[in-house]
There are 4 protein chains.
Amino acid sequence: MPRARDLGLALGLLPPGPLNAITDIAAVRVGHVSLVEGESVRTGVTAILTHERDPFREKTPAAAFVLNGFGKTCGLPQVAELGVLETPILLTGTLAVPRVADALIDWTIERNPDVLSVNPVVGECNDGYLNDIQGRHVRAEHVFGALDGAAAGPVAEGAVGAGVGMTCYGWKGGIGTSSRRSDQFLVGALVLTNFGQRDELRIDGAPVGRELARIAGGAGVDGSGSVMVIVGTDVPLDARQLGRVARRGALGLARTGVTAGHGSGDFILAFSNAEPVPHRPPTGLLTRRVVAEDGPLISGLFQATVEAVEEAVINSLLMAETTRGRDGRVREALPLEPTLAILRRHGRIANP
Amino acid sequence: MPRARDLGLALGLLPPGPLNAITDIAAVRVGHVSLVEGESVRTGVTAILTHERDPFREKTPAAAFVLNGFGKTCGLPQVAELGVLETPILLTGTLAVPRVADALIDWTIERNPDVLSVNPVVGECNDGYLNDIQGRHVRAEHVFGALDGAAAGPVAEGAVGAGVGMTCYGWKGGIGTSSRRSDQFLVGALVLTNFGQRDELRIDGAPVGRELARIAGGAGVDGSGSVMVIVGTDVPLDARQLGRVARRGALGLARTGVTAGHGSGDFILAFSNAEPVPHRPPTGLLTRRVVAEDGPLISGLFQATVEAVEEAVINSLLMAETTRGRDGRVREALPLEPTLAILRRHGRIANP
Amino acid sequence: MPRARDLGLALGLLPPGPLNAITDIAAVRVGHVSLVEGESVRTGVTAILTHERDPFREKTPAAAFVLNGFGKTCGLPQVAELGVLETPILLTGTLAVPRVADALIDWTIERNPDVLSVNPVVGECNDGYLNDIQGRHVRAEHVFGALDGAAAGPVAEGAVGAGVGMTCYGWKGGIGTSSRRSDQFLVGALVLTNFGQRDELRIDGAPVGRELARIAGGAGVDGSGSVMVIVGTDVPLDARQLGRVARRGALGLARTGVTAGHGSGDFILAFSNAEPVPHRPPTGLLTRRVVAEDGPLISGLFQATVEAVEEAVINSLLMAETTRGRDGRVREALPLEPTLAILRRHGRIANP
Amino acid sequence: MPRARDLGLALGLLPPGPLNAITDIAAVRVGHVSLVEGESVRTGVTAILTHERDPFREKTPAAAFVLNGFGKTCGLPQVAELGVLETPILLTGTLAVPRVADALIDWTIERNPDVLSVNPVVGECNDGYLNDIQGRHVRAEHVFGALDGAAAGPVAEGAVGAGVGMTCYGWKGGIGTSSRRSDQFLVGALVLTNFGQRDELRIDGAPVGRELARIAGGAGVDGSGSVMVIVGTDVPLDARQLGRVARRGALGLARTGVTAGHGSGDFILAFSNAEPVPHRPPTGLLTRRVVAEDGPLISGLFQATVEAVEEAVINSLLMAETTRGRDGRVREALPLEPTLAILRRHGRIANP
């Protein structure tokens, strides 16, 4: 299955990094465990590790923006207060959040036997259309698998990890990623997509959703879902600045057409892995670098964020295959040929 | 000069109201005073009145979302706390905010001689490229003119009122408006546009900015500006719900390509004029209607907001004429013929 | 053990309700399960049910204020977005939050078999000084016990339920409650106290902590903890108004001397059970009553909140008995006689 | 007139700085212009300069907390976004905010002739009880007088500057200040007090308000006002950390008894002048020092903030003299002898 760039799409103005993935940021790793069992287990877990050292002992500057808070992500109050992550970021299905958070506590204690308090950060979308969500099938071993299997390099996309059971713009969605680079920075985005109404979908501005709905029907088919957006960068930003980056993540979603319907819990979490903060600072004052906000660098980061998020969403659609789940339900993959025809008709990709 | 609909553009999925303007909402009125004097005064003031009664004695439920707070809008803390406006909304150039706010106090006291406290709400963008902004040429009489001249009916757009000196996507910007309606609601947007980098502009998804920049140059021309978005509706919403609407305003901006650069103060203010709140409530408990949030109505309002904001921005560009200002500077209008050609090439409007 | 009123203390200016407890609010119920096992299990769970009907089908208007977000409370983003609770509120030890949340999902599904999404709200303080916190000994059966055993009437205080292992101002803390009433309203507070430095403690303004530290030592003994504050009322308030109430909860804490040290996760959650919001609203518009904010009622609610929270904290101290926990650690009860002597010396209670 | 320390009061646990004033922080300066004219002009303006260099070219890290947003302070959205002040902080009467802000623009342009955008920060309380507030008598010359006359050294307190017409706990209020120091930091607070109900007043925990009301009557006399709190420190903090400091300001207010009534706009603004941020950073990355948050220093700052704010409020009361204003209204000074008697009775000061 092709990614957006493979089709000739060049979303935005900035160039992607070598992998066009969040793992273009040095030391960022992603791991997936997919659970596809019997007729009704269609779920999984995805782990994003922000750097290669212990996340608790070297905390990662971070901030969140909640575009639509109809969601169950845990861990955000402490991120807002202290401006750091102290665990990897995990993504899963809605009702599995507590079990995944509990496993993340296990994992942290295993590595830091004296920990009496840790703030697990777990995001979610609702895979209940295809998955037996009430069963909460993600167990600790799956969480450990995603964490321990996390790797640099290309990131599997589509119906994988937390994305196994998700729906995006009425088609099969899931995991997508993209990146942008300049001389000065790398920005990467990873999304878990489960949102959007079919006829709203835009690909590089072309009204693919509306035109596909004419062919395929289901204009109003709706994930009734959510989206989790993870944005990372390798330049040093403090939590306030990362909050600014996180708000731009919403603009990237919007370019794909979304209007953030009532039931869609839309969360954006931004981090910088340039300079972790030590758990036990050796001195009373820390020396930190941050981006100077009067220069062009910060606006470049914002632009890169918008573009990487946009492309990550499109990749999540293009890379997701048709999936059959509980009660015989099927979520179709975005039909490639009609999509290409629409993109050509709108001048978004060249005629063959 | 044509509005977007006149060109055959049909942005979004929902139909506009009869005027395709914020004044489609019953009782909403808009007034402009434009100041074009000599070589260097290119500014003005725009007033939005949310209903026809006294705004202080009958307060209007409202909420704001700050996408990028690099701006000088006054009055927002009280709106956040109490969830109401108690003055009309005024828009002007950055450094004129205090003088306009002071005139709004005069205007309120004139109508309510016993008032000892009032919260003027004044938004701004920076018209300093074309205008002698340090001169703060907007005086109380201009404010009164905009307020007293405010009217229902079609709204003047482009380089008018607060929009006289503004720049949008590197072209002349200013005031734009649009609306959406369904069986159940009307949503209107009015924008003051002074934001965006030339090559980012999208019109109905087509990469007009990038392609125009190839022709006209100035890819990086930048308003370094801001945008004020006013969204109104005629269905009853409380302040929390209006905050949800306001956040969707950012998604409408994003559809036109913006990445909310560092220097752009991007504010969205949403109001409902369905049921004003009395200044002196007659009883200890008020009975209020609000939209039920589990039904489709609230998502429809969100979608309408996104679409109306998107179209209002495009109208602000299409309706703004080339303006010469201080130091011989010129801000060109968006060139219509090349724009139409691009839109045709991308299948956004029909060939003639 | 005496409550504050039993000692002759009359904190604040407003009278308490008949039970001087959060259960003075009609239909509010509280349940505790305490876990005291062997040498090292000193923990528990406390449930607050906001009304007598199903909390998912009839949602409770609510809002939170985070005074210090160094804490792991889950469920707040959705409360902020939608302005309602859809589960009971559970309190427990820090690392037990996910398991308690998971049990709350079970409990909800048991009562609503078609639920695919629910937002469990679980607050916490860190009982790791006395308790084997890594063991996460609270199991689903304990959660069900607290929920199903919840009752109207007097509320057990001190080292009970979630309070079993907590420390407050260097002494044994835990659960406390209080209420205030007027002709027009009832306000109740329930706190889980695990915060404060010994020498900061004030009781009805008297510097009990400082003077006790002279006698008992340990001026700097510190719970390094947190506090959870639940405030309820029987007058109808919307979420914005409840946010105002929640912020006043912090003022009540402050009256007892706290300075909200870095490590103390201080969360306040306010609810009104006057008019639940139906899960499936029968119509597109709801009619809601809310307190008129220009009258004295709202300020009375604020005053009542401050006073009830202050007294609830003091009750949590007075009612908690000396507790021995893991590794032979002991947390002493606030010594009553010296405390009474100090209160007499400062004119806070009469001489015997 | 005595300050709190002169009476033998020792509020809190930490020692004050040498002046027990915000000006203990090196380079901080305060200036007042008081306007007392005829029968009805009882107002003024107070300026706080955070350091000795140009505030626009060297911006001061800052953050605000809004305890109760029923107020008209301008400039906060940009402070929230960028985390810096770029003007001095000015305080005045409510309706004078725009004129004072306009004068602050003048003052900035005078010193920086190329400025096209600046964010004036002006706080306010409502002095309309004693003052002809509608007259907005503070003119630009008064603003310049306060700014240019600002000085290090002792700070005039009570009915001075912006405090001329204010009321606190039903008695004459106005300006107060205090500071706290340790080996590692200085924290200073300056308050403009215009809040509180008479019977709520606590001085060092003693129920002075309640007992005075028995003597003097007027239990419910109410400033219906507001409070502005400015907290400064000389240790380097970033904006997120300053937000934490600002929230503690509310706890200091609470120790004096306040319940933050509906009509009281209660704003806290915290700054650090340790390391200003250059307007035109010389490089793309800045190196900044910040307090390490896992050590005791940050909690010490919080404690110092609470204590300095508490004492500043009490100083504002003790130092304010009886003031006669418009329509023959009189606001009495806090009666010293009865207050001392109450403090002695409650063991807060020694018997003579």
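In this entry, the protein assembly as shown is assigned a mean projected area of 45.5 nm², taken as a quarter of its C-alpha convex hull surface.
Other residues within the sphere of radius under 13 Å centred on the Cβ of C:E157, judged by their own Cβ, net out at 0 (K and R +1, D and E -1).
Summed over both chains, the area buried between B and D is near 2900 Å², taken from the accessible surface of protein heavy atoms with a 1.4 Å probe. A label point on D:P352, set 7 Å along the Cα-to-Cβ line, lies at 3.5, 9.7, 10.2 nm from each of its counterparts in the other copies, closest listed first. Where in the range B:95-131 does accessible area fall by at least 40 Å² between the isolated chain and the complete protein assembly, at a 1.4 Å probe radius? Going by heavy-atom accessible area, the residues of the range B:95-131 that drop by at least 40 Å² are B:L95, B:P98, B:D102, B:I105, B:I109, B:L116, B:S117. Between A:A140 and C:A27, the FRET efficiency from the beta-carbon distance, with R0 = 35 Å, is close to 0.35.
Counting Cβ atoms of other protein chains within 10 Å of each residue's Cβ and taking the mean over peptide B:134-147 gives 1.
Roughly speaking, to the nearest percent, how much of the range D:5-323's 1.4 Å accessible area is carbon and sulfur? Solvent-exposed carbon and sulfur of the range D:5-323 make up 51 percent of the total. Comparing mean-square fluctuations of A:I25, A:I215, A:I48 from a GNM of chain A with C-alpha springs under 10 Å, the top value falls on A:I215. Magnitude of the charge dipole for the protein assembly as shown, about its Cα centre and with charges confined to Cβ atoms of Lys, Arg (+1) and Asp, Glu (-1), is about 0 debye.
All other residues whose Cβ lies under 9 angstrom from that of C:G265 are scored, Lys and Arg at +1 and Asp and Glu at -1, for a net of -2. Probing with 1.4 Å while keeping every protein chain in the model, the per residue accessible area of the protein assembly as shown equals 28 Å². For chain D, the membrane-span-like helix rule (DSSP H, alpha carbon extent of at least 24 Å along the helix axis, mean Kyte-Doolittle at least 0.0) picks out D:296-318; this says nothing about an actual membrane.
Projecting the Cα atoms of A:T177, A:V306, A:A213 onto the charge dipole of chain A, computed from C-beta unit charges around the Cα centre, puts A:A213 farthest toward the positive end. Assuming charge only on the beta carbon of Lys and Arg (+1) and of Asp and Glu (-1), the dipole of the range B:5-323 about its Cα centre is about 420 debye to the nearest 20. Ranking D:H279, B:H262 by solvent-accessible area of protein heavy atoms (1.4 Å probe, all protein chains present), from largest to smallest, gives D:H279, B:H262. Taking a straight line from the alpha carbon of D:K59, these aspartates and glutamates sit under 14 Å away, with near neighbours fewer than eight places off in the same chain left out: A:E293, A:D294, D:E81, D:E86, D:D238, D:E275. Beta bridges per DSSP, both residues in the protein assembly as shown: antiparallel share near 80 percent. Computed with every protein chain present, the accessible area of C:M319 is close to 40 Å² [probe 1.4 Å]. Peptide A:289-302 is shielded by partner chain Cβ atoms: per residue, an average of 6 of them sit within 10 Å of its Cβ. Using a probe of 1.4 Å on the protein chains alone, the accessible area found for B:R111 is around 90 Å². Distance between the pseudo-spin-label points of C:E337 and A:T287 (7 Å out from Cα toward the beta carbon): 5.8 nm. Loop-located trypsin sites (Lys or Arg not before Pro) across the range C:304-352 with a Cβ neighbour count of 16 or fewer within 10 Å are C:R329, with loop assigned by DSSP. Using a cutoff of 8 angstrom between alpha carbon atoms and counting only pairs six or more residues apart, the relative contact order for chain A works out to 25 percent. In the range D:1-120, taking the dipole from charged Cβ atoms about the Cα centre, the farthest positive-side position among D:V28, D:L11, D:G44 is held by D:L11. The H on the amide N of A:L285, modeled in the peptide plane, is under 5 Å from the matching H of D:A292, each at least 5 residues off or on a different chain.
The ellipsoid that matches the Cα gyration tensor of chain C has semi-axes, each √(5λ) in whole angstrom, of 31, 25, 16, with the longest given first. Interface residues of the range D:247-264, defined as those losing at least 40 Å² of solvent-accessible heavy-atom surface relative to the isolated chain (probe radius 1.4 Å), are listed as D:R247, D:R248, D:L251, D:A254, D:R255, D:T259, D:H262. Counted by Cβ distance under 9 Å from D:W171, the other residues give a net charge of +2, where Lys and Arg count +1 and Asp and Glu count -1. Looking at chain B as a GNM with Cα springs under 10 Å, which of B:T60, B:T305, B:T323 has the largest mean-square fluctuation? Of the options given, B:T323 has the highest mean-square fluctuation. Taking all protein chains together and rolling a 1.4 Å probe, A:T23 ends up with roughly 10 Å² accessible. For the range B:206-352, the direction-averaged projected area of the alpha-carbon convex hull comes to 13.1 nm².
The values are calculated or read from the model by the stated rules, or taken from the named source; none is laboratory data. Computed from a predicted model, the values in this text were never measured in an experiment. Positions of Cβ are backbone-derived with ideal geometry, glycine not excepted, and every protein chain shown enters the neighbour counts. What goes into the accessible areas is simple: the full protein's heavy atoms, side chains included, and nothing from ligands, DNA or RNA. Shrake-Rupley method; radii C 1.70, N 1.55, O 1.52, S 1.80 Å.
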